[in-house]
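The values are calculated or read from the model by the stated rules, or taken from the named source; none is laboratory data. Computed from a predicted model, the values in this text were never measured in an experiment. Here the Cβ is made from the backbone with ideal geometry for all residues, glycine too, and neighbour counts use every protein chain on show. Accessible surface areas use protein heavy atoms only, side chains included; no ligands, DNA or RNA. Shrake-Rupley method; radii C 1.70, N 1.55, O 1.52, S 1.80 Å.
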Amino acid sequence: TGQVKEDILSRFGELGVTIDEGEICFNPRLLSLDEMLKKQTQWELPSGKVVLDERQLGFTICSVPIVYELKNYQSITICYRNGDVYTFESMNKLNKEISQSIFNREGKIEKIVVRVMQKPLIKC
């Protein structure tokens, strides 16, 4: 329904997920500290299990697990199913190639870890 779409779009807004010229951007300014996990948990997904630690939060984009992690710096780590791992320091967006792979549901990416600075998060 229209309400479901509105809820999904507003939630992505709260999570700070936007698309800019084909690139997925992460800027969780409206995310509450209270939403971050207080203890480790196992996240069950159709594609497998993801362990989420304290001070993390998980959601998916086109079936790719995205893990927000509170840190004192910004970076993005892409974990591929073939075992390759790439970390981009001081980044808050994915390039067009990686974003398109996600949009096309190619299944190459196991998970993405986005380290966000605690400072801009709202404390409730």
*Applying the Karplus parametrisation 6.51 cos²θ - 1.76 cosθ + 1.60 with θ = phi - 60° to the phi angles of region 110-115, what ³J(HN,Hα) value in whole Hz is obtained for each residue in order, glycine and proline being reported as x?*
7, 6, 10, 10, 10, 8
*Long-range amide H contacts for LEU31: which residues qualify at under 5 Å (H placed 1.01 Å from N, peptide plane, sequence gap of 5 or more or a different chain)?*
ILE122
*If amide H atoms are built 1.01 Å from N in the plane of the peptide, which residues on other chains or at least 5 residues away come under 5 Å of the amide H of MET91?*
SER75, ILE76
_Which entries of LYS39/LYS111; LYS49/LYS93; LYS39/LYS71 have Cα-Cα distances beyond 23 Å here?_
LYS49/LYS93
_Karplus 3J(HN,Hα) series, Hz, for region 63-70 with 6.51 cos²θ - 1.76 cosθ + 1.60 (x for Gly, Pro)_ = 6, 8, x, 10, 10, 7, 9, 6
*Enumerate the calculated ³J(HN,Hα) couplings along region 27-41 in order (Karplus 6.51 cos²θ - 1.76 cosθ + 1.60, θ = phi - 60°), each rounded to whole Hz, writing x wherever the residue is Gly or Pro.*
8, x, 5, 9, 6, 8, 4, 5, 7, 6, 5, 8, 8, 4, 8
*Modelled label-to-label distance, LYS108 and ASN95, 7 Å Cα→beta-carbon offset: nm?*
1.1 nm
_Along its three principal axes, how long is region 42-119 when you only count alpha carbons? Whole Å, largest extent first please._
34, 29, 20
*In what sequence, highest mean first, do 31-42, 68-79 appear when ranked by Cβ atoms within 10 angstrom?*
68-79, 31-42
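With a 1.4 Å probe and every protein chain kept in, tell me what percent of the accessible surface of region 54-121 is carbon plus sulfur.
45 percent
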